[in-house]
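**Q** Mind having a look at this structure? Questions to follow.
The values are calculated or read from the model by the stated rules, or taken from the named source; none is laboratory data. Quick caveat: nothing in here was measured; it's all calculated off a predicted structure. Please note: Cβ atoms are built from the backbone with ideal geometry, for glycine as well, and neighbour counts cover all protein chains shown. Only protein heavy atoms, including side chains, enter the accessible area calculation; ligands, DNA and RNA are left aside. Shrake-Rupley method; radii C 1.70, N 1.55, O 1.52, S 1.80 Å.
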Amino acid sequence: MIDGKQLWKQRMIAHMAEVRRYGRYMFNDHLLLVLFISIGAGAVFYKRAVDELTSFPYAIVGSLLIAFAVTQGGVRTLVKEADALFLLPVERRLRPYFWRAAGYSFFLHLYVSLIVFVVLLPLHVKFSTQPLSVVVMAIALLTGWNTFVQWQEESRIGRDRFHTFVRFLVNVTLFYFLLLKQYVWMLVPLLFMVIIALDVERKGKENAIQWEQLLANERKRMQAFYRLAHAFVDVPHIKHTVKKRTWLRFFFRLLDRFHMRPYTYLYARTFFRAGDYFGLFVRLTAIGSVFIFTLPRGVEWFALLCAYATAIQLLSIRSYHRGHPILFLYPLSPAEAHRSFMRVLFAIGMSQALIFAMVAYIAHGVFVMLWTFFIVFVCYVAVMFYVGKKREAD
């Protein structure tokens, strides 16, 4: 007989063991030292920059960031490929299993949302009079509501981007009125929350558990973790995905006309189409640009953090096609592949440096622009130097 409690315990132990196994390679002593110094320096400059602010749209920025944190994610079920076959007959007995999955997901997302709020804490203390306990309770409420809706959508109804956008608007509206202490207006998003929760619960009861959807979602989340770990160590479980990016078709045609070296062309297309490399670059560049534009001082350190996070996660591009048999058809040396990867990484780094420099020039002037460009440039050069040394050691 299947015991849902015991099954979840076994899955959780195996999952945490795998995370710890790859975490030892990802968070080594050198990386932890760099992160500790970077976060410490960033926190000091961030606090000084906030102290110098006289006005800031904290209610808008805070509600958008918190809403984004609580809306994203989903329910980690830890299901495996064979579950759709072997657990389907005992689906009714798995209620304790899925309850624990929802609870684990709730606390995981709450932890992430609270980290975002901790980053916003200096701004909150200066520009908001709402007590911290009330804000934390609101974040917990929104996280619980989003987890419930996400579970119903992922397991029984099916996720829809429009529904996700509606949830995001509800989260933004509720948190915005909370920060402004407009409690009467909070009744509107609260009413929408009740309506949405009742609607997804009703639709969920009409459908059975969609095992294929749960498997696809769990596979997607694990592959995201594996891609991150792949930047530090070879991961045998990683499965590559390719996206069409039809809106970049004109750019791909330009690449075809440049007659690049084979590996340079391959890595360039990999950056734009494979996995989530291009999306990662866009998100981190956008986050860094927002902080550069809004903060009066210390903006170059936020540019450095975003550039370092981008460069580290893009390192897995060089091993993305490793082991593919078609590569052995070309009489090209590993040194050629390494040089091509360096060219592509350098081009990506200079693109990000130029974007950060342009934003810094608009918001702060020429000196900050030059300093921001220089510090991002040095970051990418240091990462490329590290890659070269690691290749020599291998």
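**Q** To the nearest Å, what is the center-to-center distance of the stretch 155-228 and the stretch 39-84, using C-alpha atoms only?
**A** Taking the Cα centre of each part, the stretch 155-228 and the stretch 39-84 sit 17 Å apart.
**Q** Residue by residue through the stretch 78-84, which ³J(HN,Hα) values in whole Hz follow from phi under the Karplus form 6.51 cos²θ - 1.76 cosθ + 1.60 (θ = phi - 60°), with glycine and proline marked x?
**A** Each residue's phi maps through the Karplus curve to give 6, 6, 10, 4, 6, 5, 4 Hz.
**Q** Okay, next question. Trypsin sites (Lys or Arg not before Pro), restricted to the stretch 30-135: which are DSSP loop and have at most 14 other Cβ atoms within 10 Å?
**A** Passing both the DSSP loop test and the Cβ count: LYS80.
**Q** Tell me the label-point distance for the pair LEU190, TYR386, using the 7 Å Cα-to-Cβ offset, in nm and rounded to one decimal.
**A** Simple spin-label model gives 4.8 nm for this pair.
**Q** Picking from TRP151, GLY103, LEU191, whose Cα lies most toward the positive end of the charge dipole for the stretch 54-193 (charges on Cβ: Lys, Arg +1; Asp, Glu -1)?
**A** In the stretch 54-193, that residue is GLY103.
**Q** A further question on this structure: What FRET efficiency do you get for MET358 and ARG221 if R0 is 51 Å and r is their Cβ-Cβ distance, rounded to the nearest 0.05?
**A** After rounding to 0.05, the efficiency reads 0.90.
**Q** How much of TRP151 can a 1.4 Å solvent probe reach, expressed as accessible area in Å² and rounded to 10?
**A** Only protein atoms counted, so the area is about 40 Å².
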